[in-house]
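First comes the structure, then the notes that go with it.
The values are calculated or read from the model by the stated rules, or taken from the named source; none is laboratory data. Everything quoted here is computed from the prediction, not taken from an experiment. Every residue, glycine as well, gets a Cβ built from its backbone with ideal geometry; the counts of neighbours run over all protein chains shown. The area values use the complete protein model at the heavy-atom level, side chains included, leaving out ligands, DNA and RNA. Shrake-Rupley method; radii C 1.70, N 1.55, O 1.52, S 1.80 Å.
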Amino acid sequence: MNDAIRVVVIGNGMVGHHFLEALATGPAAGRAQVTAFCEEPRVAYDRVHLTEFFSGRDADALSLVESGFYERHGIRVLIGDPAVAIDRDARTVTAQSGTLVPYDKLVLATGSYPFVPPIPGHDREHCFVYRTIEDLEAIRAAAGSAEVGAVVGGGLLGLEAAKALKDLGLQTHVVEFAPRLMAVQVDAGGGALLREQIESLGVQVHTGKNTQAIEDGASRRHRMRFADGAEIETDVVLFSAGIRPRDQLARDCDLAVGERGGIVIDDHCRTSDPDVYAIGECALWGGRIFGLVAPGYRMAAVAADAIAGGGEAFTGADMSTKLKLMGVDVASIGDAQGTAPGAREYVYVDGLHGLYKKIVVDAEGRKLLGAVLVGDAADYGTLLQYRLNDMALPEHPDALILPRRDGDDLPGLGVAALPDSAQICSCHNVSKGQLCAAVAEGATTLGALKECTKAGTGCGGCAVLVGQVLNAELEKLGLEVCTDICEHFPHTRQELYHLVRVNQIKSFHELQTRHGRGNGGCDICKPAVASILASCWNEHVLDRRHAGLQDTNDRYLGNLQKNGTYSIVPRIAGGEITPDKLIALGEVARRYDLYTKITGGQRIDLFGARVEQLPQIWEELIAAGFETGHAYGKAVRTVKSCVGNTWCRYGVDDSVGLALEIEHRYKGLRSPHKLKFAVSGCTRECAEAQSKDVGVIATEHGWNLYVCGNGGMRPRHADLFATDLERDTLIRYIDRFLMFYVRTADRLQRTSTWFESLDGGLDYLRAVVIDDSLGIGAQLEEEMAAVIGSYQCEWKTAVSDPEKRKLFRPFVNSDRPDEQVVFVREREQIRPAREEELEEGLPA
Amino acid sequence: MTASTVQSAGVDAALRWLDICGLDDLPYDAGVAALLEPGDGSTRQIALFRIEDSEQVYAIANRDPFSHANVLGRGILCWTQGQPAVASPVLKQHFLLSDGRCIEDESVRIQVFPVRVHDGRVAVGVAES
Ligand code: SRM
Ligand SMILES: Cc1cc2nc3c(=O)[nH]c(=O)nc-3n(C[C@H](O)[C@H](O)[C@H](O)COP(=O)(O)OP(=O)(O)OC[C@H]3O[C@@H](n4cnc5c(N)ncnc54)[C@H](O)[C@@H]3O)c2cc1C
Ligand code: SF4
Ligand code: FES
């Protein structure tokens with residue numbers, strides 16, 4: 001084709017790749033013959049989330065390139081072969097390998113390099129920068145033999161690097177030349193608070209420190225000497241002292257560059273040569289370099305449009321940022337330092353909770369110019385919108401940062417006040433109007449909205465606001481805030497329970513066909529329906545039609561561990577176990593080399609069994625008299641007991657005996673969430689019954705019953721429900737209480753949260769259970785009797801049924817175990833090998 | 001019996017079909033792991049998913065890119081916006097079975113493989129090298 005254009009892109013970083021995408025999906029797609037120079041050993045990856053490399057996201061997972069993308073679009077990528085020269089007269093680019101590539105349009109997307117201050121000793125071993133995957137690999141290797149690390153630079157990136165060092169287990173220092181942290185984005189007050197918070201996490205902050213030399217240390221590898229005479233010793237030094245544009249190629253071919261670096265571009269991202277473009281961190285627009293990815297993406301779109309003959313313009317970018325640094329929210333908007341003439345400030349400080357909020361407004365107090373938030377950045381989205389859209393401030397602007405109490409809403413605030421043109425997502429340039437249109441066209445869940453508009457899928461900073469726009473729009477469209485369990489059923493869990501019970505529905509498929517929406521299910525409705533079916537009919541969870549509905553723990557009747565193996569918890573009712581059984585358990589654990597630990601629930605957990613080992617192990621456990629402990633299920637877990645009056649000199653009743661009775665009565669009951677019980681033999685309460693879903697404490701005259709306690713994330717003290725009960729009444733109340741909970745709770749709602757949402761509270765619950773105010777008492781007891789009567793040890797059934805045993809094969813076409821499961825020994829037992837151990841040559 | 005072929009995005013090279021198992025060996029509306037051995041000495045773990053009792057079968061990599069455990073075949077089969085996906089059993093991220101895209105994190109995509117169901121057998125395609 002004679003109107004083909006040869007496009008050459010130098011640099012395959014975030015912005016370079018975005019450009020390739022924009023070009024490939026734009027109007028010039030058919031005409032462009034594209035070659036991309038990629039200096040790094042791999043194609044573009046997500047530098048913004050680079051630090052996640054340390055928390056296990058490998059290079060593949062960081063990749064920005066869909067597999068097959070370059071092939072599909074015929075883009076030639078020269079991996080590991082950097083461009084070394086540009087000849088603008090001949091219109092060619094020379095690669096290091098010698099290849100000569102001709103171009104019609106050239107795009108420079110060379111990014112920037114980390115600035116390393118020319119301190120003597122800066123080039124010693126174990127001194128690093130933080131920019132590429134290779135940098136991080138080197139840092140991780142060095143950290144293996146190090147105890148102390150120091151980061152030079154207390155800006156945004158420096159603090160992120162410090163967090164990474166800390167997570168690698170190093171004692172960490174941050175050294176900053178300026179008198180405060182994040183001097184560019186945050187003012188003095190915010191910086192002081194940030195420092196306090198970061199120091200409280202164990203990172204030592206040294207501000208106002210000018211490093212003069214790095215030399216041999218006495219106790220550590222390096223000593224850093226500062227101008228004021230102070231010094232610290234460290235094993236690793238990480239420079240994060242700013243970035244410099246990579247403009248050497250441009251300089252060499254005489255393109256205009258800025259005084260302090262950066263390739264000069266116009267509003268269409270053209271350099272001083274109209275056939276050469278520059279985008280991303282190497283480009284200088286309006287005298288500024290933009291060190292963030294969103295403006296770079298915008299430039300990429302503009303350049304791709306220009307090459308296709310369009311006229312889009314780059315008009316600058318907002319440099320506001322919001323991030324979480326070591327768990328501390330920090331945000332900075334616009335003129336954070338309040339430098340505009342006549343600017344006025346409002347500041348709110350809460351020393352107790354570590355909050356600092358400041359807004360900068362214009363002289364008339366009408367427009368927001370900037371803001372700084374530390375400790376709580378929830379208001380970021382709203383404040384940013386005020387600034388970006390020049391919205392009129394409320395009469396008392398300080399209301400924007402003062403704590404809101406008693407739910408009083410702010411005047412004129414909220415997404416409803418935003419104009420349609422307001423940009424909500426700056427990464428993907430999505431406006432409020434576009435979001436509203438997408439909602440109107442049917443994207444009525446957050447997931448759908450993100451998928452079709454891409455809003456919220458970049459840095460994620462706008463997610464809250466996107467959610468607010470969604471809710472506001474749904475409300476406008478007259479859609480109530482939805483209580484449906486998920487997109488597949490227009491019902492709550494409670495409604496589904498009734499439909500199953502009343503219509504005698506026995507399978508997910510049947511429920512879906514009769515009462516579902518569309519077809520199929522998901523990981524929300526499937527396990528919820530599986531649990532309802534089990535509560536009602538108690539069929540085996542691995543029956544053909546039920547197996548695929550179960551969460552992995554229920555599907556494999558074990559608890560999934562981080563490396564894909566399972567743990568095994570046999571029932572040890574009441575925590576009572578004979579020496580023989582204890583020995584048998586030990587022998588099985590030894591035979592299969594399982595990690596063995598006493599749980600917090602008075603039983604024993606055996607870890608590290610591979611899927612295909614589970615049936616064999618259980619066969620042996622069953623032979624030794626054990627049964628499943630349902631540690632994997634939303635089901636009755638444990639009934640904890642204290643030793644009681646059999647042995648204890650204070651005990652007033654047989655708590656172990658009652659615990660055993662209760663545990664065997666309710667074992668196998670599946671419920672909206674897990675259930676934990678305890679029985680104590682006297683008021684000293686050694687079994688901690690008042691922190692359980694059902695707790696029983698012996699009294700001189702019978703048993704006191706407590707309900708709806710919780711340990712865990714949000715502990716709740718149980719309520720005293722009834723006193724001095726004799727055994728039969730006690731059991732009847734528990735039957736009714738449990739079944740009423742199973743009927744009415746939401747999915748994954750423990751009894752404590754269920755209780756708190758129950759209208760009428762304790763009195764109502766007592767009326768239903770004790771006085772039978774709803775007239776359902778007998779029914780509840782019957783339903784419970786059916787569950788108790790249909791109990792089977794799930795493992796016993798599973799190992800004796802060949803079809804169910806098949807579910808535990810490692811592979812459908814092979815019996816070889818997964819050889820990527822690797823253990824190492826620690827304290828005489830196995831544990832999963834860590835990522836770095838796997839990389840260091842253990843079989844992978 | 002009709003042959004149903006599910007083609008993954010971006011695969012247009014010549015394919016060689018490797019027989020994996022019988023259609024009836026696959027569990028109902030769920031996943032299972034399998035080994036893919038093209039015969040060049042390499043072995044890969046894949047996960048196969050069968051939609052209910054149909055001949056619609058998908059193949060994706062078995063490795064969960066977030067936890068690095070080989071477990072995707074043990075995740076729950078989900079439908080999101082009319083498309084089949086699997087929820088990782090470890091940390092619950094969702095991957096589309098059609099193209100491997102992670103719904104929670106666009107930058108992550110796992111490999112998908114073409115599947116052919118013919119005469120009650122399931123075969124997975126690998127690019128001819
Ligand atoms: C093994 C054990 C820790 C231990 O080594 O001691 C444990 C291990 C897990 N707990 Fe626990 N919890 C264990 C006792 C507890 C206790 C103590 C107790 O039961 O007396 C509590 C607080 C009491 C409570 O639940 O009210 C407890 C509160 C939690 C919670 C928070 C529940 C809540 O309502 O806030 C979770 C998360 C959840 O369920 O959503 C959890 C979840 C988990 C999970 C399932 C996390 C997971 O998804 O992998 C762990 C399973 C590991 C495994 O493979 O077995 N675990 N967990 C204990 C098993 C007890 C048993 O014999 O079955
Ligand atoms: C740890 C870290 C965290 C960050 N966090 C954020 C954040 O939260 N938010 C945000 O907005 N930004 C963040 N950034 C900044 C963001 O990553 C950059 O703005 C973005 O990567 C710029 O893209 P770019 O393509 O211009 O440069 P780069 O991504 O650096 O790409 C340039 C590429 O060009 C290559 N190259 C250079 N010269 C040549 C040559 N001659 N031949 C061939 N190839 C060449 C380089 O090797 C490089 O791969 C972060 C950066 C880092 C390092
Ligand atoms: S406390 Fe957390 S880490 Fe420990 S076992 Fe329980 S869930 Fe797992
Ligand atoms: S602003 Fe970054 S994802 Fe929306």
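May I have the pair-distance distribution P(r) for segment A:114-214, computed from all Cα-Cα distances with 5 Å bins from 0 and rounded to whole percent?
2, 13, 23, 25, 20, 12, 4, 0
Taking the alpha-carbon centroid of each part, what is the distance from segment A:805-827 to segment A:424-439 in angstrom?
46 Å
Please go through the residue pairs A:K322/A:K454; A:K526/A:K804; A:K597/B:K92; A:K676/A:K796; A:K367/A:K476 and name each one whose alpha carbons sit more than 21 Å apart in this structure.
A:K597/B:K92; A:K676/A:K796; A:K367/A:K476
On a straight-distance basis, which lysines could pair with A:K166 in a cross-link, Cα separation under 16 angstrom, same-chain partners fewer than 8 positions away excluded?
Straight-distance partners of A:K166: A:K324.
Gain in length, A:A363 to A:D123, computed as 0.36 nm per residue apart minus the alpha-carbon separation, to one decimal in nm?
That works out to 81.5 nm of additional length.
Which value in nm describes the separation of the simple spin-label points at A:A59 and A:H701, placed 7 Å from the Cα toward the beta carbon?
7.6 nm
What's the ranking of A:701-708, A:379-386, A:9-16, A:778-785 by average number of surrounding C-beta atoms within 10 Å, highest first?
Order by mean packing, descending: A:9-16, A:379-386, A:701-708, A:778-785.
Please compute one quarter of the surface area of the Cα convex hull for the protein assembly as shown and express it in square nanometres.
Orientation-averaged projected area of the Cα hull: 45.9 nm².
From the C-alpha gyration tensor of segment B:37-79, pull out the three semi-axes of the equivalent ellipsoid (sqrt of 5λ each), sorted largest to smallest, in whole Å.
Values for segment B:37-79, descending: 21, 16, 6 Å.
Just to verify a number: FRET efficiency for A:H540 and A:H664, C-beta to C-beta distance, R0 = 22 Å, to 0.05?
0.70
Roughly how tilted is helix A:293-307, in degrees to the nearest 10 and between 0 and 90, from the longest Cα axis of chain A?
Taking Cα atoms only, the helix is inclined about 50 degrees.
For chain A, what is the mean residue ellipticity at 222 nm derived from helices alone (per DSSP H run of n ≥ 4: -39500 (n - 2.57); sum divided by total residues; nearest 500 deg cm²/dmol)?
So the helix-based figure for chain A works out to -8500 deg cm²/dmol.
Count, for each residue of A:812-823, the Cβ atoms from other chains sitting within 10 Å of its Cβ, then give me the mean as a whole number.
Per residue, the average neighbour count from other chains is 5.
Which whole-number value in Å² is the accessible area per residue of the protein assembly as shown, probe 1.4 Å?
Value for the protein assembly as shown: 42 Å² per residue.
Could I get the Rg over Rh figure for segment A:240-366? Both from C-alpha atoms, Rh via Kirkwood, rounded to two places.
Rounded to two decimals, Rg over Rh is 1.09.
Compute the Cα gyration tensor for segment A:504-549, then decide on rounded, prolate or oblate, letting a ≥ b ≥ c be the square roots of its eigenvalues: rounded whenever a/c is under 1.5, prolate when a/b is larger than b/c in the other cases, and oblate in all that remain.
It is prolate, given that a/c is not under 1.5 and a/b is the larger ratio.
Can you give the FRET efficiency to the nearest 0.05 for B:R121 and A:D420, using r as the Cβ-Cβ distance and R₀ = 41 Å?
Result of the calculation: an efficiency of 0.15.
Viscosity 1.002 mPa s, temperature 20 °C: what is the translational diffusion coefficient of segment A:152-308 from Stokes-Einstein with a Kirkwood Rh over Cα pairs, rounded to a whole number of µm²/s?
In µm²/s, the coefficient rounds to 119.
Using the Cα gyration tensor of segment A:72-114, with a ≥ b ≥ c the square roots of its eigenvalues, what is the shape: rounded (a/c below 1.5), prolate (a/b larger than b/c) or oblate (neither)?
The shape class here is rounded.
Per-residue counts of other Cβ atoms within 10 Å, averaged by peptide: what ranking do you get for A:438-448, B:86-96, highest first?
B:86-96, A:438-448
Counting DSSP beta bridges with both partners in segment A:66-213, what percentage is antiparallel, nearest 5?
Close to 45 percent.
How high is the relative contact order of segment A:543-698, in percent, counting Cα pairs under 8 Å that sit 6 or more residues apart?
Averaging sequence separation for qualifying contacts and normalising by length gives 21 percent for segment A:543-698.
For chain A, with only Lys/Arg (+1) and Asp/Glu (-1) charged at the beta-carbon, what is the dipole magnitude about the Cα centre, in debye rounded to 20?
So the magnitude is around 980 debye.
Among the residues of segment B:51-79, which ones have their accessible area go down by 40 Å² or more when all the protein chains sit together, as opposed to their chain alone (1.4 Å probe)?
Going by heavy-atom accessible area, the residues of segment B:51-79 that drop by at least 40 Å² are B:H68, B:N70, B:R74, B:I76, B:W79.
Give me a comma-separated list of calculated 3J(HN,Hα) values for segment A:359-371, in order, Karplus coefficients 6.51, -1.76, 1.60 applied at θ = phi - 60°, integers in Hz, x for any Gly or Pro.
Whole-Hz 3J(HN,Hα) from phi for segment A:359-371: 10, 10, 10, 6, 4, 8, x, 9, 10, 8, 9, x, 7.
I'd like the Karplus ³J(HN,Hα) series for segment A:723-733: coefficients 6.51, -1.76, 1.60, θ = phi - 60°, whole numbers in Hz, and an x wherever there's a Gly or Pro.
Per residue, the Karplus-derived 3J(HN,Hα) values read 10, 6, 7, 7, 3, 5, 4, 3, 5, 4, 4 Hz.
Let me understand chain B better: what is its radius of gyration from the alpha carbons, and its Dmax, in angstrom?
Computed over the Cα atoms of chain B, radius of gyration and Dmax are 13.7, 39 Å.
Between A:A785 and A:D104, what length in nm is gained on full extension when 0.36 nm per residue of separation is reduced by their alpha carbon distance?
237.0 nm
Calculated FRET efficiency, A:A230 and A:R260, Cβ-Cβ r, R0 30 Å, to nearest 0.05?
Between A:A230 and A:R260 the formula returns 0.50.
So what's the gap between the Cα centers of segment B:78-126 and segment A:695-772, to the nearest angstrom?
Measuring centre to centre over Cα atoms gives 44 Å.
Tell me the label-point distance for the pair A:R288, A:D252, using the 7 Å Cα-to-Cβ offset, in nm and rounded to one decimal.
Spacing of the two 7 Å Cα→Cβ label points: 3.1 nm.
Looking only at segment A:592-617, which residues have a backbone nitrogen under 13 Å from a spot 7 Å from the Cα of A:E828 in the C-beta direction?
In segment A:592-617, the label zone of A:E828 (backbone N under 13 Å from the point 7 Å along Cα→Cβ) covers A:596.
Taking the Cα of B:A14, stepping 7 Å toward and past its beta carbon, and measuring to each backbone N in segment B:96-129: which are under 13 Å?
B:127-129
With Kirkwood's inverse mean 1/r over C-alpha pairs for Rh, give me the Rg to Rh ratio of segment A:726-838, two decimals please.
Dividing the radius of gyration by the Kirkwood radius yields 1.23.
For a test of the definition: using alpha carbon positions, the gyration tensor, and the 1.5 limit on a/c, classify segment A:535-694 as rounded, prolate or oblate.
Oblate.
Would you tell me the mean number of C-beta atoms belonging to other protein chains that fall within 10 Å of each C-beta in A:551-561, as a whole number?
3
What do you get for the angle between helix A:14-25 and the principal long axis of chain A? Use alpha-carbon atoms, 0 to 90 degrees, nearest ten.
90 degrees
Stretch A:K506-A:K562 to full length: gain in nm at 0.36 nm per residue minus the Cα-Cα span?
Going from the current span to full extension adds 16.8 nm.
In terms of modelled amide H atoms, which long-range or inter-chain residues lie less than 5 Å from the amide H of A:V9?
It is A:T35, A:A36, A:F37, A:V107, by chain and number.
Residue by residue through segment A:111-128, what is 3J(HN,Hα) from phi via Karplus (6.51 cos²θ - 1.76 cosθ + 1.60, θ = phi - 60°)? Round to whole Hz and write x for glycine and proline.
So the J values, rounded to whole Hz, are x, 9, 10, x, 7, 10, x, x, 6, x, x, 5, 9, 5, 4, 6, 10, 10.
Simple spin-label model, 7 Å along Cα-to-Cβ: A:E836 to A:E620 in nm?
3.5 nm
Share of Cα-Cα pairs in segment A:69-165 beyond 16 Å, in percent?
70 percent
From zero outward in steps of 5 Å, how is the percent of C-alpha pairs of segment A:614-734 spread across the bins?
Calculated over all Cα pairs of segment A:614-734, the distribution is 2, 12, 20, 22, 18, 12, 8, 4, 2, 0 percent.
Out of A:L255, A:L549, A:S691, whose Cα points farthest toward the positive end of the dipole of chain A (charges: +1 Lys, Arg; -1 Asp, Glu; placed on Cβ)?
A:L549
Which Cα, out of A:G190, A:G575, A:A422, lies furthest along the positive dipole direction of chain A (beta carbon charges, K/R +1, D/E -1)?
After comparing all options, I get A:G575.
Cα centroid distance between segment A:501-533 and segment B:14-39, in Å?
Computed from Cα coordinates, the inter-centre distance equals 28 Å.
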